[in-house]
Each structure stands twice: as C-alpha cells, then as structure tokens.
Amino acid sequence: MSDPTDHNRLGEEASPYLQQHADNPVNWQPWDDAAFEAAEERDVPIFLSIGYSACHWCHVMAEESFEDPEIAEYLNEHFVPVKVDREERPDVDELYMTVAQLATGGGGWPLSVWLTPDKRPFYVGTYFPPESTERQTGFQDVLQSLHQRWEHEREAVEERADQWAAALQGEVEDVPTPAEEPPGSDVLDAAASEAVRRADREHGGWGQNQKFPQPGRLHVLLRAAANSGEDEVSDDGDSDLADDARAVATETLDAMANGGLYDQLGGGFHRYCVDRDWTVPHFEKMLYDNAELARVYLGAHQLLGDERYREVAAGALDFLADELSHPDGGFYSTLDARSEGEEGKFYVWTLDEVSDAVEDPADATVFGAYYGVGQSGNFEGSTVLTRRRDLADVADDLGMDVEEARERLDRAHAQVYEARTERTRPARDEKVIGAWNGLAIRAFAEAGLVLDESYAERAAESLAFVREHLWDASANRLARRYADGESKGEGYLEDYAFLAQGALATYEATGDVEHLAFARDLADALVAEHWDAEDETLYFTPASGEQLLARPQDLADRSTPSPTGEAVAALDALAAFAPDADYDEVVDGVLATHAETVENRGFTHPTLALAAVDRDCGHLELTVAADEVPAEWRDAVAERYLPDRLLSRRPPTEDGLGEWLDALGLAEPPAIWAGRAARDGPTAYVCRRACSPPVTSTADLVEWLEEYR
C-alpha cells in the first residue's frame, strides 16, 4: 500500500488557502483519516498548521519555512504535516486554538500544533521564524527538539498530551448547572455599562493597541442608548447610561468610519487596525466584517439620524456586491491583504501618485488635504486614506468655498478610484461559506427595508444559491462550503443559525413565505443536530459529525457573532411561526444553563445577552395583512430604530393564508397570524405581549409603533 505522506496532497483540495501550499516541498496532507493512519503507521507526530488565505503571517511563515527545501525535508521525514483552512474547519481551529490559549495565554494564525497520531496536542505555538533569534526559538530548532523528545522522552510527551486533552475537554465541554429562570432584560444595562467603562474614550473602540471592530458591543450600546433616559441624570449627578452608551457608540462608529479601517476610496471595511487610533489596518477584507458592520451602521443611522452612517452601510454592502459576489448569487469569503507581494499596496497612496491620477492640480490638493495624504505618509512612506477633517475647514485653508471644494473632491475621488482599478488586485478567496453568507443575507435584507428594496433582492439571490448548493433537502442538512463546483464539509451551529437569521430577515423584507419555510427547515435541523436535551445546551459541532477530542460550545462573540446567541435568537423569533416545534424549550434551556455567563459576562457575550433581553421582553411584532406593504408603512419602519422588530407578513385573506400554512406544514394559523386578516385594505397589528386594534392608516401605525417600541 502506498504511503499518502510521500507527496503533497493539497493539489486535490478546492480551498484557495490549501491550494496556496500545494506546490510547497512540504508533503502537506489534508485533515483526513489517511493522514492520521499514516502517522500511526510511521510512529511519528503530526505537525498541524492552521491558517486562512488572507492571513499575513501565514504567508510569511510559508515563504520563510514551508518553501525552504531543507526544512521541508526534515519536516517530511520526522512528522506528518497537515494543513487546515480554519474557514473550512472552524471546529478543528476552535479546539486547538483553545489549547494554545490555555497553554500560552495567547493565540493567532498561523496556529502551529504538534499532535500524537490520535490527535492529542503536546506542543503549540503560532508563527515561528525559520531560525532562532534572541526573542524566539526558530522553526528548525523546534522541529529538532520535538523530534528528539518524541524519540527519547515519549513517556513525558504522552503525559503532557493526556493533560492537555483533559484540560481541553474540561474547558469546552463543561456545562453549568442551569439557573431556575433564564436571565432578565437587566443584562442589557450590565453589558452596556461594562462596554462604557472599558471603552477608549479618546480614540473609540476597545483596547490600547490593536483595534478590532466589535459589532456585538455596538448593538448593545445602541439598544441601551435607545432604551430611555433622554437627558436624565442619576442621583449622583452622573449622566445616565443611555447618554454614555450613545456617546461611546458614536465615538467608535465615527472612528471606524473615518479612519483607515474603512476603505475611503472604494467602500468596505478591512479586518482590524494595528494601532490605537484606527489609522493603519491589516488590509484583508472579510465578508463577515462587512456584513455585520453594515447592519450596525444601519441601526445607528435609524437611531442617531446621521447620514454618514447610512453612506457607510451602503458602501460596505455595495463593496460586497461589487467585489465578493459569486456570479450565481452567493458571496465569496475574502480579499487578501497583499498584492504584488506587498501588504496594502492596492490601497495606499503617495502625493506623487495622487498627482499623477488627478488631472487638475487644485483637485489633487483638495483630495490630499481631505484624506490626509502627506509627504511622509502614515504607512511605510505611503498614506492610508483617512477622513478626519471637515471639508469646510479644508476649503477655508485653501481659500475656496465649500461648494467648490466638494466639486473638486468629487472629481479627484473618481479619478483616483479609476487609477486604482489599474493596479494589481488582491487575490480573492472564492469559497462560499454558509455561515458568512447568512450574515450577508441578513444585512442585505435589512438594507432592503431601511435603504432600498434592491438590497432585499440581492439577499434573496444569495439565499437561492445557498439552497441550491449547500442545502440537501432530502437529508435536511447543510454543507459548510461550496467551491469549484463542489460542496464539502458538515454544517456547524453557526451555519444553521446565521442562515436561519438571514432567511427570516429575507422573509420580513420580501414577504415570500418560501424564505420563512427555509428558515423553519434550518431551525429544525439546528435543533436536531446541535441541541442536547440532557445537557440543555447547544454544541458547535453536529451530533452526526466527526468525533474530535472534545465537542465544543461556542458562546462568546469573536470575529463573528456568538453562534449560540444567534441560534437562540433565531429560534425565539421563529417560535412565533412554529408553535409545536418546541423551540421555546431550547431557548429557555440554553439561557438558563448559561445564565451566569449572560449575567456577568455580557461584555464578551453581547449576542447571547441580547437574545436574553428579547426573550424576556418579547418581540415587537408587526403583522401586516396585505399583498404589498404600503410604501408609507415601509418608510415608517425604515425611519425607526426597532431592533427587536419581527415583521410578520401574511396574505390579506384567510383563503390566501391557507396556501402559506400548507407551505409551512401547519394545520392551523399560528397566533401571530390568527384572526389578523385585512380590513378594508392593508391592515397592521402591532403587538408586544398585548396588541393594537387593526390599523389601516399610517398615522395610527406610527402611534402604535411608538407605544410598543
């Protein structure tokens, strides 16, 4: 029998990240049984390297070490090297990143882990330089040291592997004793207060070094700002939480929108910033960041009325539509940070480059002054464009009126953008990932209500793509990703939860019952594969899936929202359309099980905290019985910040409703539709645990929305 580890097998993989390593002299193996069986047969450890296509330091380690013939020869001889795309296998990444955090207190990518052939870890790190320095052991020396330990200190290696495996299982599988009741809505104030206390009030956001966008915390702050307390102060004279939450949200939203995190020329957000003041980003652009941040800015526009927030939301979504769209409707994953081998080269500018791109020197001067393009630059001699000056100040400095400055800026902007289209573009990771598409679908659907109905059409296109390429209707199960004509991998909790939210939002925006039916199907599959009734928790991996060292739960918000939080929120909302599905049991069980986390750690678990708030307060239900929602009613919804809104569309007549019930497999109409037919034209019913009378005028609709918001 041939040894699969005698050659690099990544050429057979569709993942762009794995394809990047298909020509390495390292005999990379995919994560599969053949690789681990070969390690067992050869009696050598696994070297597991986890990364993703847009990861800067993954590229660096590949160029320095994995393309080095001598390092590759030693690695191939004494280890079985396995490459994993963390975006395809978030379960594997989650487990071994947890090990890294437990063992070293940190983590990151590339994640480098050494395993026994039965997958127990015994050594972990992230990036290693090829040779040792005063600050860090080199990759070559690590390999040699671990080989010697494997050969001569096996008992100690096995003992550490046992200890780490046990610690991992305790960390990710531990289930608390459920509280008697799920948490109440007071968790919102607790989470918002912590977000205010820990905020960087000088530069916005959280942290003192690198700055990452935190959409979940911003949603918490916006909810707290909207809650009440306008212009009130507490007994000790301090401003109330609503004011503080509004201020911190505004500071952060402005800092992200005006700094280098946002692509001032082409729209869309980069992954994060390497500095405290949001100037220099890591330049990769991710589908999930732009989807989630667009939704935050839509909400901020509704609550705060800032037109800039509307522009930023539209810019992020338009970037996704223009740059990350699959021609058949789905969304691709990422744009790389690098082009022509250099980080950020596509995005940064010098004064000379701006002057070459802009025909009129006066236009170029306005552009440079407004976007901060200076002689010395702010990034390796070039400038990341930022927007930190008011155009009126620029006009005043240059001795022109604002109208002239605006005309010159618009001309220059168009010409610089056109010049950028001639540059070598960053590479695109063309995987279509279920979970991330769910986030994008939800954002586009929401924009279809708030901005323009065409965004909802784009959401429906992506949802149709998912149903065709990722959903197995015969088995009622999702695949993780689609690439090069192939669907692969098991769906995880986040895939079901995020897509269920996206399908529900698309139903709200379009009134198409097929989208609601799909959301129900996703919810049923989520419960079947991820709910453990005995433990009263949701697990990240499916019950029918590959059995790893441990079965993790995923409660916290990270670069994407909490899968558990979004699952709870989706099931809570969909329970209104599935009275016999026992979704309520899952919602209450999960929230009671994790009550201590929700009550005391809402700052790091904002999505789960917001799910608890909605469960306690109930949704603002807006049932509309009509063939089409009147334009004035759509405007009434678009203009108001209604974060817990559940827009329930239904046909105007009971006969029409019967067809919908058949599509959903329901014998009787659920309470949200029952007895709510149209009365002399389009009719609305506004409810939050109690209901308005039938509403047929815009003025009455607005009055009841304000009453129950």
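The values are calculated or read from the model by the stated rules, or taken from the named source; none is laboratory data. Remember, it's a predicted structure, so these values are computed and weren't measured experimentally. FYI the Cβ positions are ideal-geometry reconstructions off the backbone, even for glycines, and counts take in every protein chain you see. Quick note on the areas: whole protein, heavy atoms, side chains included, nothing else; ligands and nucleic acids left out. Shrake-Rupley method; radii C 1.70, N 1.55, O 1.52, S 1.80 Å.
Does residue 518 fit the bill of being assigned to a helix (DSSP H, G or I), crowded, with 19+ Cβ neighbours inside 10 Å and modelled with pLDDT of 95 or more?
When the stated conditions are applied, residue 518 passes them.
Exactly one condition in (1) open to solvent by 50 Å² or more (accessible area, probe 1.4 Å); (2) under 29 Å from residue 344 (Cβ atoms) is false for residue 439; which is it?
So the condition that residue 439 fails would be (1).
Would you point out which residue out of 597, 623, 607, 683 is modelled with pLDDT of 95 or more, buried (at least 17 other Cβ atoms within 10 Å of the Cβ) and in contact with an Asp or Glu (Cβ under 6 Å, 6 or more places away or on another chain)?
From the options 597, 623, 607, 683, the qualifying one is 607.
From the set of residues in region 189-215 that are in a helix (DSSP H, G or I) and open to solvent by less than 10 Å² (accessible area, probe 1.4 Å), which is nearest to residue 564 (Cα to Cα)?
Per the criteria, the residue is 191.
Report, by residue number, each residue of region 465-493 that is open to solvent by less than 40 Å² (accessible area, probe 1.4 Å), closer than 12 Å to residue 525 by Cα and not in a strand (DSSP E or B).
491, 492, 493
Would you tally the residues in region 1-30 being open to solvent by 60 Å² or more (accessible area, probe 1.4 Å) and among the charged types (D, E, K, R)?
So the count comes out to 3.
If the Cβ limit is 6 Å and pairs must be 6+ apart or interchain, which residue in region 653-682 that is closer than 19 Å to residue 519 by Cβ pairs with which residue that is open to solvent by 60 Å² or more (accessible area, probe 1.4 Å)?
670/579
Residue 539 - would you say it is of a type in the set (Ser, Thr, Tyr), open to solvent by less than 10 Å² (accessible area, probe 1.4 Å), touching a strand residue (DSSP E or B) at 6+ places or on another chain (Cβ under 9 Å) and modelled with pLDDT of 95 or more?
So residue 539 does not fit the description; no.
Quick check on residue 117: is it assigned to a loop (DSSP other than H, G, I, E, B), farther than 18 Å from residue 46 by Cβ and at pLDDT 95 or above?
So residue 117 does not fit the description; no.
Here is a yes/no grid of residues against (1) at pLDDT 95 or above; (2) over 28 Å from the mean Cα position of the chain (by Cα):
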site	(1), (2)
151	yes, yes
161	yes, yes
165	yes, yes
168	yes, no
171	no, no
183	yes, no
188	yes, no
195	yes, no
198	yes, no
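Among all residue pairs at least 6 apart or on different chains, which show Cβ distances below 9 Å where the first residue, located in region 355-378, is touching a residue at least 60 places away in the same chain (Cβ under 8 Å) and the second is in a helix (DSSP H, G or I) and polar (S, T, N, Q)?
Cβ pairs passing all conditions: 357/415.
Go through (1) on the phi < 0 side of the Ramachandran plot; (2) touching a strand residue (DSSP E or B) at 6+ places or on another chain (Cβ under 9 Å); (3) touching a residue at least 24 places away in the same chain (Cβ under 8 Å) one by one and return the number of the condition residue 68 breaks.
For residue 68, the failing item is (2).
Kindly indicate which of 559, 544 is within 19 Å of the chain's Cα centre (by Cα), open to solvent by 10 Å² or more (accessible area, probe 1.4 Å) and either at pLDDT 95 or above or not charged (D, E, K, R) (or both).
559
I want to confirm something. Restricting to region 248-287 and keeping residues that are open to solvent by 10 Å² or more (accessible area, probe 1.4 Å) and not in a loop (DSSP other than H, G, I, E, B), which single residue is modelled with the lowest pLDDT?
Looking at residues that are open to solvent by 10 Å² or more (accessible area, probe 1.4 Å) and not in a loop (DSSP other than H, G, I, E, B), I get 282.
Among the listed residues 497, 503, identify the single one that is in contact with a His (Cβ under 7 Å, 6 or more places away or on another chain), in contact (Cβ under 8 Å) with a residue 12 or more places away in the chain and open to solvent by less than 10 Å² (accessible area, probe 1.4 Å).
503
One residue is enough: does region 663-672 have a residue meeting the conditions assigned to a helix (DSSP H, G or I), farther than 30 Å from residue 310 by Cα and within 36 Å of the chain's Cα centre (by Cα)?
Checked region 663-672: at least one residue is assigned to a helix (DSSP H, G or I), farther than 30 Å from residue 310 by Cα and within 36 Å of the chain's Cα centre (by Cα).
Look through 95, 102 and report the one residue that is within 20 Å of residue 558 (Cβ to Cβ), assigned to a helix (DSSP H, G or I) and within 21 Å of the chain's Cα centre (by Cα).
Answer to the check: 95.
Of all residues in region 96-141, count the ones that are over 18 Å from residue 51 (Cα atoms), hydrophobic (A, V, I, L, M, F, W, C) and open to solvent by 10 Å² or more (accessible area, probe 1.4 Å).
2
For region 423-436, state whether one or more residues are over 18 Å from residue 540 (Cα atoms), in contact (Cβ under 8 Å) with a residue 24 or more places away in the chain and part of a helix (DSSP H, G or I).
No: region 423-436 contains no residue that is over 18 Å from residue 540 (Cα atoms), in contact (Cβ under 8 Å) with a residue 24 or more places away in the chain and part of a helix (DSSP H, G or I).
Any idea which of (1) of a type in the set (Phe, Trp, Tyr); (2) more than 12 Å from residue 527 (Cα to Cα); (3) open to solvent by less than 10 Å² (accessible area, probe 1.4 Å) is the one residue 583 doesn't satisfy?
Tallying (1) of a type in the set (Phe, Trp, Tyr); (2) more than 12 Å from residue 527 (Cα to Cα); (3) open to solvent by less than 10 Å² (accessible area, probe 1.4 Å), residue 583 fails exactly one: (2).
Scanning for something surrounded by fewer than 21 Cβ atoms within 10 Å (Cβ to Cβ), closer than 25 Å to residue 480 by Cβ and basic (Lys, Arg), does region 31-49 turn up at least one residue?
No, there is no match, as no residue in region 31-49 is surrounded by fewer than 21 Cβ atoms within 10 Å (Cβ to Cβ), closer than 25 Å to residue 480 by Cβ and basic (Lys, Arg).
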